[in-house]
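What follows is a set of notes on a single structure, which appears directly below.
The values are calculated or read from the model by the stated rules, or taken from the named source; none is laboratory data. As the structure is a prediction and not an experimental result, all values here were calculated from the model. Here Cβ is always computed from backbone atoms with ideal geometry, including for glycine, and neighbour counts include all displayed protein chains. These area figures cover heavy atoms from the full protein model, side chains too; ligands, DNA and RNA do not enter into them. Shrake-Rupley method; radii C 1.70, N 1.55, O 1.52, S 1.80 Å.
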Amino acid sequence: MISQPQPFRVLSLDGGGMRGTYTATYLDRVGSTFAKRRGLETFDIGAAFDLIVGTSTGGIIACALAKGVPLSEVVRLYQEHGPQIFSRPLPTGLLSIALDISARSAALAKGTDVLRKALEDRLGTTTLGEMYATRGIALAIPAVEMSQHRAWVFKTPHLKDTTNHRDDNYALIDVCLATSAAPVFRSMAPVNHPENGASGFNIFVDGGLWANNPVLVGLVDALEMTAPGQEIQIFCLGTCPLPAGEQIAKSAVHRGLREWKFGGEAASLSIDAQQFAYDHVAKKLARHVDRKCTIIRFPSEKVPAALIPYLGLDETRPEAIAALVNQARTDADMTNSKCASANSDAEAALICSLFDAVVPTTCSPTMMRK
């Protein structure tokens, strides 16, 4: 009897600014519960996946998972440094925009310094190539390269014929800064060419401009990395996005800079639209591939109305961060409850099998997967 290969598992992490607090807390909570159920102290969640794709704040979490950084450390990054990273809320009126013109550039520069230092403390100087050689976890992190206004995906050398080791020597820190460089909210990210002796550089901005939901990036790479017939499972995790949709009167369609919060509301709209559209397209494509391909988004619960005031991309008030953490814990507990009755819920069964495949962090890197 020929044994079937294990499913190829992909984690796809959306962008969403400070809402990454939710994503990291949710995964940490679900993982901790499964660890306790199996009598373990902790899990290496990243090691459950063959490929992790993440954009913007999702890219930061993806790099941390791939390197094996505890998710509690990622949550602490947002809690402790978020107010310095996003120190100037977007202006809401003429007076505040006048003040912002002279003050935002300095605030963005300071925020970048804070974020870089926080990432250094957690990711060190590890490069994409070093991480892949040590851990065997593939990464794909979308950004935009400004000299040609083209999409760019930072990748580990899991597709040698595609990237030709182009990105091996990029530090995880620089990849995180590049993918999360949201216009208006953050500075653009200058990244030096990583070759020894090279003096050039590229400027990057946030990958959320084209792939805030990176599920299609994950699907394409998974198809290229697997043999015909191997099952693919893609787990998509968002950042607790606002309930989609507005009822707009005809008399209110002439929105200007103030109503769009000087571009901030347009960014939120793009995030919402991409999550729905790319999930829908990916699921349609999955029906036409030469193997079983399952794409699920978890958790699936709707965002409660009480959370809406706290979901701004640059919302750093302590009560907002606490609300995201509490909601993430609530949703994680709901996921764990569903897994307890996984026999009657196909998606819960997949999530259950995923976390049952995670091994303790005490294992050596070569034994990270079952």
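Kindly list the number of the only condition in (1) of a type in the set (Val, Ile, Thr); (2) over 15 Å from Gly58 (Cβ atoms); (3) open to solvent by less than 30 Å² (accessible area, probe 1.4 Å) that fails for Thr162.
Condition (3) is where Thr162 drops out.
Return the residue satisfying two criteria in turn: it lies in region 309-366 and is hydroxyl-bearing (Ser, Thr, Tyr) and not in a helix (DSSP H, G or I), and of such residues it is modelled with the lowest pLDDT.
Pass one, region 309-366, residues hydroxyl-bearing (Ser, Thr, Tyr): 310, 316, 330, 335, 337, 341, 344, 353, 361-362, 364, 366.
Imposing the further condition that a residue be not in a helix (DSSP H, G or I) reduces the set to 316, 341, 361-362, 364.
Numbers: Thr316: 95, Ser341: 69, Thr361: 57, Thr362: 47, Ser364: 39.
Filtering first and then ranking leaves Ser364.
Are any residues in region 178-223 among the polar types (S, T, N, Q) and surrounded by fewer than 24 Cβ atoms within 10 Å (Cβ to Cβ), and if so, which ones? Step through it out loud before you land on a result.
Start the filter on region 178-223 by keeping residues that are among the polar types (S, T, N, Q), which leaves 179-180, 187, 192, 196, 199, 202, 212-213.
Once the filter is applied, which keeps residues that are among the polar types (S, T, N, Q) and surrounded by fewer than 24 Cβ atoms within 10 Å (Cβ to Cβ), region 178-223 yields Ser187, Asn192, Asn196, Ser199, Asn202.
Just checking: which of the strands (runs of 3 or more DSSP E) contained wholly in region 132-208 hold 2 or more residues that are of a type outside the set (A, V, I, L, M), in contact with a helix residue (DSSP H, G or I) (Cβ under 6 Å, 6 or more places away or on another chain) and under 19 Å from Ala222 (Cβ atoms)? Show your work before the answer.
Numbers: elements: 138-145, 150-155, 189-192, 201-206.
Output list reads 150-155.
Could you list all residues from region 139-155 that are surrounded by 17 or more Cβ atoms within 10 Å (Cβ to Cβ) and either touching a Pro at 6+ places or on another chain (Cβ under 8 Å) or farther than 13 Å from Glu224 by Cβ (or both)?
Of everything in region 139-155, those that are surrounded by 17 or more Cβ atoms within 10 Å (Cβ to Cβ) and either touching a Pro at 6+ places or on another chain (Cβ under 8 Å) or farther than 13 Å from Glu224 by Cβ (or both) turn out to be Leu139, Ala140, Ile141, Pro142, Ala143, Val144, Trp152, Val153, Phe154.
Just checking, how many residues over region 75-119 are over 18 Å from the mean Cα position of the chain (by Cα), closer than 27 Å to Tyr22 by Cβ and among the β-branched types (Val, Ile, Thr)?
Of the residues in that region, 3 qualify.
Would you confirm whether any residue within region 127-134 is crowded, with 19+ Cβ neighbours inside 10 Å and of a type in the set (S, T, N, Q)?
So far as region 127-134 goes, yes, one or more of its residues are crowded, with 19+ Cβ neighbours inside 10 Å and of a type in the set (S, T, N, Q).
Consider Ala118 carefully, then state whether it is among the aliphatic types (A, V, I, L, M), part of a helix (DSSP H, G or I) and exposed (fewer than 14 other Cβ atoms within 10 Å of the Cβ). Talk me through it step by step, then tell me what you get.
Working: among the aliphatic types (A, V, I, L, M): yes; part of a helix (DSSP H, G or I): yes; exposed (fewer than 14 other Cβ atoms within 10 Å of the Cβ): no.
Spelling it out, it is not the case that Ala118 is among the aliphatic types (A, V, I, L, M), part of a helix (DSSP H, G or I) and exposed (fewer than 14 other Cβ atoms within 10 Å of the Cβ).
For Ala267, indicate whether it is of a type in the set (Gly, Ala, Ser) and over 19 Å from Val30 (Cβ atoms).
Yes.
Of (1) touching a residue at least 60 places away in the same chain (Cβ under 8 Å); (2) touching a Lys or Arg at 6+ places or on another chain (Cβ under 8 Å), Asn213 satisfies all except one. Which?
Evaluating Asn213 over (1) touching a residue at least 60 places away in the same chain (Cβ under 8 Å); (2) touching a Lys or Arg at 6+ places or on another chain (Cβ under 8 Å) leaves (2) as the failure.
Touching a Phe, Trp or Tyr at 6+ places or on another chain (Cβ under 7 Å) and of a type in the set (Asp, Glu): which single residue out of Asp44, Asp28, Asp50 fits that description? Outline the logic, then answer.
Values: Asp44 fails: touching a Phe, Trp or Tyr at 6+ places or on another chain (Cβ under 7 Å); Asp28 fails: touching a Phe, Trp or Tyr at 6+ places or on another chain (Cβ under 7 Å).
Just a single option satisfies the conditions, and that option is Asp50.
Which of the residues spanning region 258-284 are on the phi > 0 side of the Ramachandran plot and either aliphatic (A, V, I, L, M) or open to solvent by less than 60 Å² (accessible area, probe 1.4 Å) (or both)?
Phe262, Gly263
What helices (runs of 4 or more DSSP H) completely inside region 1-105 contain at least 1 residues that are at pLDDT below 90 and open to solvent by 20 Å² or more (accessible area, probe 1.4 Å)? Talk me through it step by step, then tell me what you get.
Values: elements: 20-37, 57-67, 71-85.
Hits in region 1-105: 20-37.
Search region 297-318 for residues that are more than 19 Å from Gly82 (Cβ to Cβ) and pair each with any residue that is of a type in the set (Phe, Trp, Tyr) when their beta-carbon atoms are under 8 Å apart and the residues are at least 6 apart or on different chains.
Hits for this filter: Phe298/Phe235; Pro299/Tyr26.
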